[in-house]
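The values are calculated or read from the model by the stated rules, or taken from the named source; none is laboratory data. None of the values given here were measured: they were computed from a predicted structure. So basically every Cβ, Gly included, is an ideal-geometry build from the backbone, and we count neighbours across all protein chains shown. Please note that ligands, DNA and RNA were not included when accessible areas were found on the heavy atoms of the full protein model with its side chains. Shrake-Rupley method; radii C 1.70, N 1.55, O 1.52, S 1.80 Å.
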Amino acid sequence: MFAKINSLGLNGLDVFPVDVEIDISRGLPSFNIVGLPDTAVKESRERIRSALKACLIKIPPSAVMVNLAPASTKKSGSMYDMAILVAVVKAMNIIKQNLDDCAFIGEVSLNGIIRAVDGVLPMVLKARELRIKSVFVPSENAYEASVAEDVKVYGVENALQLINHLCGAVSIQPQERYIPHDTEYDNELDFADVKGQHTAKKAIEIACAGGHNILLIGAPGSGKSMLAKRIPSILPPLTFEESFETTNIYSISGLLDRKTPLITKRPFRSPHHTISKAGLVGGGSIPMPGEVSLAHNGVLFLDEFPEFSHSTIDSLRQPIEDRVITIGRVSKTVTYPCSVMLVTAMNPCPCGYFGHPAHECRCTSKQVKTYLGKISGPVLDRIDMHIEVAPVDFSELSSARKEESSADIRKRVISAREIQTERFKNSDTKCNANMTPAEIEKFCGLSPALNQKLMKAFEKLELSARAYHKILKISRTVADLEGSENISEKHIFQAVQYRSLDRKYWFR
């Protein structure tokens with residue numbers, strides 16, 4: 001007796017189709033699974049045997065052979081349980097229905113309950129590509145899976161319910177498709193609550209408009225963290241494509257909220273400085289996404305930046321440049337996206353008052369140099385904008401003047417992003433910060449006179465080639481915020497200003 005059932009597997013974010021083939025033939029009673037299964041997959045035979053017993057179905061005393069094709073691809077996890085169970089029942093001729101256009105994903109418990117698994121959404125999206133019409137998933141995953149269009153999603157609670165549905169005895173109703181609501185910003189922290197800091201606010205607005213990385217440096221209590229935590233309130237909404245990309249990462253990580261299966265807000269991740277390198281960039285024996293990938297299409301905020309370990313900070317060099325990270329292990333190699341807006345905040349010295357206009361610094365020059373030296377030159381060079389957050393004086397703190405709200409700032413940011421969307425409509429670039437050298441040359445052209453002035457600033461500040469390109473990108477964003485088609489002198493000088501702070505602290 002032979003049967004074949006469709007399922008799907010995961011390798012990082014890559015989904016591949018899996019054919020669950022089963023042959024029940026004469027021979028000594030056995031139940032074997034082949035096709036490069038890991039321990040969790042091999043153990044499914046015990047779960048399935050017990051689950052079928054709970055359904056009052058007894059596997060005949062025969063040789064049962066299950067093959068997970070393609071046999072050359074490693075299979076891991078418990079997501080194949082449901083497909084193997086259906087294949088066994090189908091091969092026993094209990095289920096007579098044609099299941100060629102169906103796929104099955106889910107873990108089976110010993111008593112037949114179908115348990116939720118991670119990564120259901122990317123697998124259902126892949127099933128849709130493969131023209132599979134119906135996908136059976138655990139009931140807890142059904143709401144998440146219903147995000148996919150043009151495929152019927154059935155939420156299954158237990159094995160007996162599934163078998164009765166496939167035999168026509170009962171009917172499982174398809175899950176209604178999830179329709180996301182408009183993004184709400186009512187509960188976000190608002191820039192209207194921040195007194196003063198107009199220079200820092202403007203810099204953050206520019207960073208959000210162009211997707212630029214930013215470093216905030218200043219004394220304790222100057223408002224660095226307060227400003228950074230309000231960045232989500234002025235970011236543009238996720239596009240539908242970006243929403244799916246981010247949701248897929250959270251789905252395979254098991255962090256997706258069952259009640260809101262589609263992420264519609266840009267993520268804001270703020271890990272503690274004690275985080276390990278694997279926790280930040282991803283890793284583990286089974287490579288999982290780190291914080292930098294969980295912040296994909298959003299913000300990665302690293303507060304107290306120098307307190308992170310040196311190796312952890314340097315591990316960001318490649319991901320923030322390439323916007324993807326590849327994690328290699330003996331068993332597999334996976335690649336996760338990590339297109340983030342990196343926001344960092346730090347004090348200028350261990351006591352925090354180096355360069356303060358009123359408070360005396362207690363640190364020695366060696367202590368200051370050692371503290372700042374925790375941020376290496378290559379990492380600093382990859383951060384587009386360096387902003388000094390000055391202390392707020394009493395007159396500003398006590399002022400009754402109403403500050404500009406996040407809603408007003410967000411309107412300007414969205415307008416600038418719309419200009420960029422139109423500009424890069426024929427490429428994979430999403431914002432100015434992601435421009436390639438060819439796009440910089442095309443969209444950031446300068447007049448000979450302006451180019452000469454930039455050359456003088458380049459030589460005086462001893463900038464790198466990367467810093468030169470970042471100045472052009474930032475000036476392009478400043479021009480977009482003003483609705484200017486061409487980059488002018490004031491746009492260039494403003495961008496240069498955001499690249500000169502390192503000369504005050506690091507390269508004195």
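Determine if the range 171-181 includes at least one residue that is surrounded by fewer than 21 Cβ atoms within 10 Å (Cβ to Cβ), more than 33 Å from the chain's Cα centre (by Cα) and either at pLDDT below 90 or not in a helix (DSSP H, G or I) (or both). Looking for residues that are surrounded by fewer than 21 Cβ atoms within 10 Å (Cβ to Cβ), more than 33 Å from the chain's Cα centre (by Cα) and either at pLDDT below 90 or not in a helix (DSSP H, G or I) (or both), one finds at least one in the range 171-181, hence yes.
S225 fulfils the conditions (1) in contact with an Asp or Glu (Cβ under 7 Å, 6 or more places away or on another chain); (2) open to solvent by less than 20 Å² (accessible area, probe 1.4 Å); (3) outside any loop (DSSP other than H, G, I, E, B) except for a single criterion, (2). For the range 399-416, the candidate set comprises residues that are in contact with a Lys or Arg (Cβ under 9 Å, 6 or more places away or on another chain) and surrounded by 19 or more Cβ atoms within 10 Å (Cβ to Cβ); within that set, the residue that is nearest to D190 (Cα to Cα) is S406. Just to be sure I understand, how many residues within the range 451-475 are open to solvent by less than 10 Å² (accessible area, probe 1.4 Å) and farther than 21 Å from I217 by Cα? Selection size over the range 451-475: 3.
Considering K126, K152, the condition of being of a type outside the set (D, E) and open to solvent by less than 70 Å² (accessible area, probe 1.4 Å) is satisfied by K126 alone. Under the condition of being surrounded by 22 or more Cβ atoms within 10 Å (Cβ to Cβ), under 19 Å from S76 (Cα atoms) and touching a helix residue (DSSP H, G or I) at 6+ places or on another chain (Cβ under 8 Å), the residues counted in the range 251-297 number 4. Quick check on K126: is it within 30 Å of V18 (Cα to Cα), in a helix (DSSP H, G or I) and either among the charged types (D, E, K, R) or more than 25 Å from the chain's Cα centre (by Cα) (or both)? Considered against the rule, which asks whether it is within 30 Å of V18 (Cα to Cα), in a helix (DSSP H, G or I) and either among the charged types (D, E, K, R) or more than 25 Å from the chain's Cα centre (by Cα) (or both), K126 comes out as yes.
The single condition from (1) part of a loop (DSSP other than H, G, I, E, B); (2) under 26 Å from A203 (Cβ atoms) that T264 fails is (2). Taken together, the residues in the range 155-170 that are in a helix (DSSP H, G or I), in contact with a strand residue (DSSP E or B) (Cβ under 8 Å, 6 or more places away or on another chain), open to solvent by less than 10 Å² (accessible area, probe 1.4 Å) and not small (G, A, S) amount to 1.
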